[in-house]
């Protein structure tokens, strides 16, 4: 699976804006230039995992939410995955999955 750096950049920009940080403020915290951060946010620069981790720490957001748009801290982060998984399951397997999930959720 190829990474969509434009989408990653958009998510980073949205996270930065939600924290009310300017490009300049984020760049200073990272000890990089403003154009460097701007290129990341525009998807014009392939961000390293180390740099992504640094930015996520500053923005107090998970790498998972930036990379795939979901956060494991969200209650419904697996809804789409479960829907896709269950869509092609035969009825007998759906019943088994339901019963197992019910037992787990009740314990």
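The values are calculated or read from the model by the stated rules, or taken from the named source; none is laboratory data. All of these numbers come straight from a predicted model, not from anything done at the bench. Note: ideal-geometry Cβ built from the backbone for every residue, glycine included; neighbour counts use all protein chains shown.
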* Asked: When segment 2-16 is examined, which residues are found to be touching a helix residue (DSSP H, G or I) at 6+ places or on another chain (Cβ under 8 Å) and outside any helix (DSSP H, G or I)?
  -> 3
* Structure fact -> Selection over segment 17-30 where residues are surrounded by 15 or more Cβ atoms within 10 Å (Cβ to Cβ) and out of contact with any helix residue (DSSP H, G or I) (no Cβ under 7 Å at 6 or more places or on another chain) yields a count of 2
* Identity of the residue in segment 31-57, surrounded by fewer than 16 Cβ atoms within 10 Å (Cβ to Cβ) and in contact (Cβ under 8 Å) with a residue 24 or more places away in the chain, that ends up farthest from residue 2 (Cα to Cα) -> 42
* For segment 81-88, does any single residue satisfy the condition of being under 14 Å from the mean Cα position of the chain (by Cα), in a loop (DSSP other than H, G, I, E, B) and at pLDDT below 95? -> no
* **Residues located in segment 34-64, provided they are in contact with a helix residue (DSSP H, G or I) (Cβ under 6 Å, 6 or more places away or on another chain), under 18 Å from residue 22 (Cα atoms) and outside any helix (DSSP H, G or I)** => 43, 61
